[in-house]
Structures are given as structure tokens and as C-alpha cells.
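Since the structure comes first, as C-alpha cells, the remarks are kept for the end.
Each value in this text was obtained by applying a stated rule to the coordinates, not by laboratory testing. The model shown is predicted, which means the values in this text are computed figures rather than measured ones. FYI the Cβ positions are ideal-geometry reconstructions off the backbone, even for glycines, and counts take in every protein chain you see.
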Amino acid sequence: MNVLSVDVEEYYHATIFREGTSGSACEGFVSRVEESVNRVLALLADADVLATCFVLGEVAAAHPAIVRKIAGEGHEVACHGHRHELVCRQSPEQFRADIQRAKGLLEDLTGQSVIGYRAPNFSIGSGQTWAYDILLQEGFRYDSSVYPIFHDHYGDPRAPRFPYEVWRNGAERLIEFPIGTVRFLGLNLPVGGGGYFRLLPVTVTRLGIRRVNTHDKQPVMFYFHPWELDREQPRPWMPWRHRLRHYVGLRREEGKLSALLRHFSFGRARDVLQLCCGEPSGGPQDGRPASVTALTEADCDGGGLARPGLGSEGGVP
């Protein structure tokens, strides 16, 4: 089973949108997130698929009913931070306050524990590993902020491609679930959604996910945003590069998603990790980054963790 994830935010929260409108995008633009999320929920109900929704705290505060609806339909509510501020622009103290605020709000609205986190714009890089310890201290059990690709705004092509233990404190551990990639000609190619999914034919993503599932025998983390299904969102002036990256493929997104959901099995992140992640034996020193401990098909069957040090292929020898 693969993971379908949704980053629940407004169209004007997107980094490319903000950059293209000189950072003033949050002012003067109408909210469209409820309409967009309702469209997503209808799509998922038609496909009989449960997803993990990484909800922004600001959205939850302004639209509490939509968060309750997401949870009420059986989807996992996870955390996308509160203000959609990049982690690399926050101090550890600011980051802790941001996730505490968002997590507390989401748990109050749903009555359920929130154990998953995704940084805005995948902004936990090599200089922000301190964030993992804070996430663990605040009750998170998995993170999905790594995209193992080359990209001008984010990404680390050297990172493991499949779920692995990224941090440990005593018996508590934080699992990283990277966005999906397929290995081709020595490169990690994106098959995990976002702008690449809107730009490329759906067949490219289908072939990539199938290869990961059958050859690597691993789940794929796929993501999209509700605003990517909103063809009527405002289109203010912005440089052509930003306009292209934000708006390309919006008209075809819903149909492509529907086709993808028909071809593969998708579920919630906490369920897929429950199947794959048993309690590890041994591990790194407390408060230190975990060695690359990837999960293999055998581990899913046996409930244990793969041996550390298997490299960026995520446990595939």
C-alpha cells in the first residue's frame, strides 16, 4: 500500500505564489480552501481511499469545520505547521512554538492524537536537524519533510528514498517517510506528486510507482494540495516563471488523480508505518541522529527494522 497525502493550505500559502507576488499574497486574497478541500474529499470518497491530511494551523483556526470533516470521514489529520513559515527561517524556539500551536489546535478540533508532521516546502535541511529532536519531544512519531531529488528550492538527492529512522531518544524514535522517487540512470526521479505530477503525463507517475512497488517492494509517499484542483483561483500578475510553476496543469489535475487512485492502493501514513515499523533493537545514542535505518519488505512481514547502513537506496541491497 502507498500513502496518499494532502497538504491542506490556501493557494496563497504556496511558496512560488508568495515569491511571485512579492510576499504579499496573504493579504487581499479570498479564501478558497473549504471549496477545494470539499472537492478533494469527494474525490477520495468516490475512490474509497483514506489519506493523510497535513493541515496548516492557520487554516484550521479559520475553518475548524473542514478539519472536523476531514477527521470525520476517516482521514488522518497531521500537522503542516501553523504559519507556513519555512523551518530554515525559524529558530528552534520559534519552531517549537509554531508546531505546539498547530498540534494543540488540531488535536482539540479532532479529539485525536496528531503524530505526523510535514514542513512547509520540505524545509528541514541539513542545517535544521535540530528540528527532529523537537518533533520527537512534542509527540510526533513520523516526519515527511524530505524529498530525495535535486531542486532549486528544496531536496536532498543523497537522502534515503524509503522510510527510515531519522532520530532517537531512548526508546522513542522518529521515522522519516520521504516523498516518492524512482531510481533511473543513477538519478532519483520524482514520482511523488506536486508540480511534477501536474506537468508530466500521468503515465510517467504510474510507471514510476509501479516500479517502486514491484522492484523495490516499497511504498510511495504521494502528495498534492487542494488548490491544485481549483482552476478558478485568482491569477494575479507574477513573473512568467512563477506563473508557470504555480498554474501549470491545474485543469487536468483532478482527472489525473482519479486515474492514479484507480491503479494503485493508497492509505494513511500512520497505517502504512504501523504495518512496517516495529520496535528497533539497539540504536544510536540518545539525542543523536539515527543511522540510516531503512525498512524493507521483510521488515513489513516481520515487524522489525532493517540493518543500518544500507545506503540511500533505502534498504535495498
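Which three numbers, in whole Å and largest first, are the semi-axes of the equivalent ellipsoid of the range 7-134 derived from its Cα gyration tensor as √(5λ)?
Numbers: eigenvalues 111, 72, 33 Å².
Semi-axes (√(5λ), whole Å): 24, 19, 13.
Principal axis lengths of the range 2-302 from Cα atoms, whole Å, largest first?
That gives 54, 42, 37 Å along the principal axes, largest extent first.
Would you mind calculating the gained length between His215 and Arg68 on full extension (0.36 nm times residue separation, minus the Cα-Cα distance), in nm to one decimal?
On the way: separation 147, 0.36 × 147 = 52.92 nm, distance 3.84 nm.
Length gained between His215 and Arg68: 49.1 nm.
Using DSSP, restrict attention to beta bridges with both residues in the range 2-302 and report what percent are antiparallel, rounded to the nearest 5.
Values: 13 of 33 bridges.
In the range 2-302, approximately 40 percent of DSSP beta bridges are antiparallel ones.
Taking K and R as +1 and D and E as -1, what net charge do the other residues with C-beta under 11 Å from the C-beta of Gln137 add up to? Could the numbers behind the result be given before it?
On the way: positive: Arg96; negative: Asp133, Glu138, Glu172.
Once all neighbours under 11 Å are counted, the net charge is -2.
Hey, got a sec? Which chymotrypsin sites (Phe, Trp or Tyr not before Pro) in the range 130-214 land in a DSSP loop and have at most 13 other Cβ atoms within 10 Å?
Loop-located and lightly packed - Phe150.
Determine the distance separating the Cα centre of the range 130-190 from the Cα centre of the range 63-86; give it in Å without decimals.
A separation of 21 Å, based on Cα centres.
Please give every one of the lysines within straight-line cross-link reach of Lys217, meaning a C-alpha to C-alpha distance under 27 Å, and leave out same-chain neighbours fewer than 8 residues apart.
Counting by Cα, and skipping residues close in sequence, Lys217 has these lysines nearby: Lys256.
Summing Lys, Arg as +1 and Asp, Glu as -1, what charge do residues with Cβ under 11 Å from the Cβ of Arg211 carry, Arg211 excluded? Before the final figure, lay out each step's value.
Values: positive: Arg183, Arg206, Arg210, Lys217; negative: Asp216.
Its environment carries a net charge of +3.
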